[in-house]
Amino acid sequence: MSQLDELYREVILDHYRNPRRRGTLSGNHLHAEGNNPSCGDEFALDLVVENGVITDAAMQGQGCSISQASGSMMMDAIVGRSVDEVEDLMRKFKVMMTIEDGDDPLDPDRPGSVLGDLEALQGVRKFPVRIKCADLAWATLEDALAQAGR
Amino acid sequence: MSELGHLRADFPILRREINGAPLVYLDSAATTQKPQPVLDAMDEYYANHNANVHRGAHTLAAEATERYEDARSRIASFVDTASAQIAFTRGATAAINVIAYGWGLNHLREGDRIVVSVSEHHANLVPWQMISRYTGAELIYLELDDEFIIDTSNLEAVIDDRVRIVAFGGMSNVTGALGPVDALVDAAHSVGAITVLDGAQLVPHAPVSADDLGVDYMVFSAHKMLGPTGIGALWGKPERLEELEPLEGGGEMINIVERYHSTWAPVPHKFEAGTPPIAEAIGFGAAVDYLGRVGMEAVAAHEREITAYALERLSEVPDLTIYGPKDVTKRGGAVSFSLGDIHPHDLATIVDQDGVAIRAGHHCARPLMQYLQVPATARASFYLYNLREEVDVLVGALMKARKVFGLG
């Protein structure tokens, strides 16, 4: 696979064009916003946390396919999970985005991979200037969870 | 086609490969590449003449001062003005800040108005927002016409006798549209307002005679015209430079320093506090020498041709939208576009794989992005070293981007 094909996998383009849980929440919820001032990517997150579990979430944003797909995949990955699980996921995502070439415990072709669709974002590592695009939604999530007093 | 292709040999970086392909550098509106004579001039200064300027009686100090002042006079000649009307600054942004603070803080108050256009670079917007906040003067916008040019059809409605400053760009770094200098100067002067021309994208690309433009102040930047980063120029009419207070105090900008007050050095040195970027000034001088040898008419003609070719080729790409004038007599060589639903950052990444450097983003012009109702654009910008073949490479890479995004 060329570096470009690895970056723009089918699943990324699908999430870019059909973002999951796009919108806003009413009622009591956490809210956080993030942006990358250098490129203008924006991401906003509404989150409901009940008894330590993320029970609902909605996102808004605009930006490149990587930033928006990363956010959409994140939505799929966090709703229904406990905050503890999500914090573990955030750590794994961070590890995945910082691993250099070579042996990669998160390689999707290895048995027991853990991040599901999110692993499609591994191709971003070959494009260092785009890593901040993939990180945007996750930094916003971190802000939102910080408000939950964790 | 005008024959400037031979100049490419003067630019070492143009021999580079990027991702296995020859570099196609289409980001000169962000910064230009540097020819060998500019690099040599700075090296030669450091190797043989390095000393501080305007201080000390030793031979090296005299040589450095002579070269620094000689650069100023070459830059002055390049824009057809007197040396005393060119002050060195850190860049065009710094020069606008000198005007905004040095003039604005001392002349503006509540009830006054500052007029800018919606197509300004943040460098010619944010300082005026700050001065507006400090003085209570109101910031007013000029909108664009359907060719993306600052709309002058109803100027008297905007530029009335409350307006003290009209600040605008000579050429948009996004749309490439040329600023309607004459109309804005006439409108401003008819109500006694001063004019500030952001020449960062104009001076590098067209013959400019500062004294003939009619504006009160003009700024430009070395690195956008083959020179080094970290230096630019503030030009003003003599009386405007006299009445402009310096923004920075320190060494070199003074006449007499007492315990509790000081007097300033004459123009332009009162604007040059501290040790200036000496090598950069000398590099800036070498850059205008280089442009002068090529001839600015030839530079402008070359850019018109390549821009016309780019507009034609880009319009062959399905789903591609260009944001800027179609008429090359109304524009320069910065061409902004979008392609289907492919975000400009994705476009920039994809074409970079073919060695093509374009800019993606808001181009330091967010109000313009909002006006155009796009979050960002992609931009290819051309200079004297670009070739038609490079436009072809760009178009090929854009077709590849369509495939990657499944647009056929």
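The values are calculated or read from the model by the stated rules, or taken from the named source; none is laboratory data. Just so we're clear, the structure is a prediction, and the values are computed from it rather than from any experiment. Positions of Cβ are generated from backbone atoms using ideal geometry, with glycine treated the same way; all protein chains shown enter the neighbour counts.
In the set (1) in a helix (DSSP H, G or I); (2) surrounded by fewer than 16 Cβ atoms within 10 Å (Cβ to Cβ), the condition left unmet by B:GLY111 is number (1).
Scanning segment B:201-255 for residues that are in a helix (DSSP H, G or I) and closer than 24 Å to B:ALA29 by Cα yields a count of 5.
Per the listing A:GLY40, A:GLY23, the residue uniquely out of contact with any helix residue (DSSP H, G or I) (no Cβ under 8 Å at 6 or more places or on another chain) and either of a type in the set (A, V, I, L, M) or under 29 Å from B:PRO344 (Cα atoms) (or both) is A:GLY23. The sole residue among A:GLY61, A:GLY40, A:GLY71 that is buried (at least 21 other Cβ atoms within 10 Å of the Cβ), within 14 Å of chain B (Cβ to nearest Cβ) and over 15 Å from the mean Cα position of the chain (by Cα) is A:GLY40. The set of residues from segment A:23-49 being charged (D, E, K, R) and at pLDDT 95 or above comprises A:GLU33, A:ASP46.
Within segment B:196-246, the residues that satisfy the criterion of being among the charged types (D, E, K, R) and over 12 Å from the mean Cα position of the chain (by Cα) are B:ASP211, B:ASP212, B:ASP216, B:LYS237, B:GLU239, B:ARG240, B:GLU242, B:GLU243, B:GLU245. The condition of being among the hydrophobic types (A, V, I, L, M, F, W, C) and part of a helix (DSSP H, G or I) holds for only one of B:ALA273, B:ALA298, that being B:ALA298. Restricting attention to segment A:1-37 and to residues that are among the small types (Gly, Ala, Ser) and in contact with a strand residue (DSSP E or B) (Cβ under 8 Å, 6 or more places away or on another chain), the residue that is nearest to the other protein chains (Cβ to nearest Cβ) turns out to be A:GLY34. If you check B:THR263, B:THR275, B:THR329 for being in the same structural domain as B:LEU202 (by TED's automatic domain parsing), surrounded by fewer than 22 Cβ atoms within 10 Å (Cβ to Cβ) and within 28 Å of B:SER77 (Cα to Cα), only one passes: B:THR275. Of everything in segment B:75-94, what is more than 16 Å from the chain's Cα centre (by Cα) and either surrounded by fewer than 20 Cβ atoms within 10 Å (Cβ to Cβ) or modelled with pLDDT under 95 (or both)? Give them in sequence order. If the condition is that a residue be more than 16 Å from the chain's Cα centre (by Cα) and either surrounded by fewer than 20 Cβ atoms within 10 Å (Cβ to Cβ) or modelled with pLDDT under 95 (or both), then B:SER77, B:ASP80, B:ALA82, B:SER83, B:ALA84 are the ones that fit. Restricting segment B:342-362 to residues that are within 7 Å of chain A (Cβ to nearest Cβ) and touching a residue at least 40 places away in the same chain (Cβ under 8 Å) leaves a set whose member that is surrounded by the fewest Cβ atoms within 10 Å (Cβ to Cβ) is B:GLN353. The sole residue among B:ARG304, B:ARG293 that is surrounded by fewer than 22 Cβ atoms within 10 Å (Cβ to Cβ), charged (D, E, K, R), outside any strand (DSSP E or B) and without any contact (Cβ under 8 Å) to a residue 24 or more places away in the chain is B:ARG293. Apart from one condition, A:GLU119 fits all of (1) within 14 Å of another protein chain (Cβ to nearest Cβ); (2) at pLDDT below 90; the exception is (1). Being within 16 Å of B:ARG55 (Cβ to Cβ) and either in contact with a His (Cβ under 7 Å, 6 or more places away or on another chain) or at pLDDT 95 or above (or both) holds for only one residue in B:MET296, B:MET253, and it is B:MET253.
Within segment B:45-65, how many residues are in contact (Cβ under 8 Å) with a residue 24 or more places away in the chain and either assigned to a helix (DSSP H, G or I) or in contact with a Leu (Cβ under 6 Å, 6 or more places away or on another chain) (or both)? Residues meeting the conditions: 3.
Evaluated against (1) at negative phi; (2) touching a residue at least 24 places away in the same chain (Cβ under 8 Å); (3) within 13 Å of chain A (Cβ to nearest Cβ), B:PHE337 falls short on exactly one condition, (3). For segment B:271-292, check the following and say yes or no: at least one residue is charged (D, E, K, R) and closer than 24 Å to B:LEU108 by Cβ. No, every residue in segment B:271-292 fails to be charged (D, E, K, R) and closer than 24 Å to B:LEU108 by Cβ.
Evaluated against (1) within 17 Å of B:PRO344 (Cα to Cα); (2) away from chain A (no Cβ under 14 Å); (3) among the basic types (Lys, Arg), B:LYS403 falls short on exactly one condition, (2). Against the definition (assigned to a helix (DSSP H, G or I) and either assigned by TED's automatic domain parsing to the domain that holds B:GLU272 or small (Gly, Ala, Ser) (or both)), how does B:THR81 come out, yes or no? So B:THR81 does not fit the description; no.
Scan segment B:194-219 residue by residue and report those that are crowded, with 24+ Cβ neighbours inside 10 Å and small (Gly, Ala, Ser). If the condition is that a residue be crowded, with 24+ Cβ neighbours inside 10 Å and small (Gly, Ala, Ser), then B:GLY199, B:ALA200, B:ALA210 are the ones that fit.
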